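Student: Please see the structure below; I have some questions.
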Amino acid sequence: AERFFTPELKEYESLISNAQEKIAELEAAIFRQVCQQVSAVGEQILSTAKAVAHVDAFCSLAEVAVRNNYVKPILTNNDIIDIKEGRHPVVERSIGKDNFIPNDTYLCNKDNELIILTGPNMAGKSTYLRQVALIVLLAQIGSFVPASLATIGIVDR
């Protein structure tokens, strides 16, 4: 079966085909031009993206602190970790604030430089250790911490 074409239809088909080719050429040219313009200001774009990322991180820390009643830790040069009613942020969130039992921690090179932590399996020893580590880490990056009071010295290991 052969289709019927008039000279007028052939002309319209040719116009449409040429228009599609022209559109593809223009699109490619515009894309190349945009790529050149973007690469010319690439450093500024990266710098702006980095600044926005920092603001986003700080806003996220602030929002979590407000929503979960975090407190501003006291940072000191002394070798001390003194946390009152510390809470593990992930565990507290998963089981609910009312079900989480806060823990105190006191470590000081002068008086108490060691805690011997014992208990049966699944009693929360590892969770407690991670909780202290998270609170110290949050304090050292400048965040508020999940506790009622926290005095944290500089910790590097």
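Student: Report the GluC sites (Glu not before Pro) located in segment 49-123 that are in a DSSP loop and have at most 13 other Cβ atoms inside 10 Å of their Cβ, or state none.
Tutor: E113
Student: Excluding K110 itself, what net charge comes from residues whose Cβ is under 14 Å from its Cβ, given Lys and Arg +1 and Asp and Glu -1?
Tutor: Taking every Cβ under 14 Å from that of K110, the sum is -4.
Student: Still on this model: R0 = 30 Å: FRET efficiency of S148 with A49, Cβ-based, nearest 0.05?
Tutor: 0.20
Student: Please give the FRET efficiency for Y106 paired with A62, using the beta carbon to beta carbon distance and R0 = 35 Å, rounded to the nearest 0.05.
Tutor: According to the calculation, E is roughly 0.80.
Student: Kindly provide the helix-only [θ] at 222 nm of the chain, computed as the sum of -39,500 (n - 2.57) over DSSP H runs of four or more divided by all residues, to the nearest 500 deg cm²/dmol?
Tutor: About -18500 deg cm²/dmol.
Student: Here's a follow-up. Among C108, C59, C35, determine the one that fluctuates most according to a GNM of the chain built with springs between C-alpha atoms less than 10 Å apart.
Tutor: C35
Student: Can you return the lysines within cross-link range of K72? Criterion is Cα-Cα under 20 Å, with same-chain partners fewer than 8 residues away left out.
Tutor: Straight-line reach from K72, under 20 Å: K84, K97.
Student: In terms of modelled amide H atoms, which long-range or inter-chain residues lie less than 5 Å from the amide H of G86?
Tutor: Long-range HN contacts for G86: N103, D104, T105, S148.
Student: Expected output is a single nm value to one decimal: the length gained when fully extending between A40 and S17, i.e. 0.36 nm times separation in residues minus the C-alpha distance. What is it?
Tutor: 4.8 nm
Student: So if I take the centroid of the Cα atoms in segment 13-76 and the same for segment 79-106, what is the distance between those two points in Å?
Tutor: Here the two parts' Cα centres lie 38 Å apart.
Student: While we're on this one: For Cα Rg over 2.2 N^0.38 Å, one of [x] 1.12; [y] 2.07; [z] 1.07 was computed from the structure I shared and the rest are decoys. Which label?
Tutor: So the calculated entry is the one marked [y].
Student: If I stretch the segment between I115 and K10 completely, what's the gain in nm (0.36 nm per residue apart, minus their alpha carbon distance), one decimal?
Tutor: So the chain would gain 28.8 nm between I115 and K10.
Student: Right, something else. With the Cα gyration tensor of segment 70-153 in hand, give its eigenvalues times 5 under a square root as the equivalent ellipsoid semi-axes, listed largest first in whole angstrom.
Tutor: After diagonalising the Cα gyration tensor, the semi-axes are 21, 17, 9 Å.
All of the numbers you see were taken from the coordinates with simple rules; none came from a lab. Note that this is a predicted model, so its numbers are computed, not measured. Cβ: placed from backbone, ideal geometry, glycine included. Neighbour counts: every protein chain shown.
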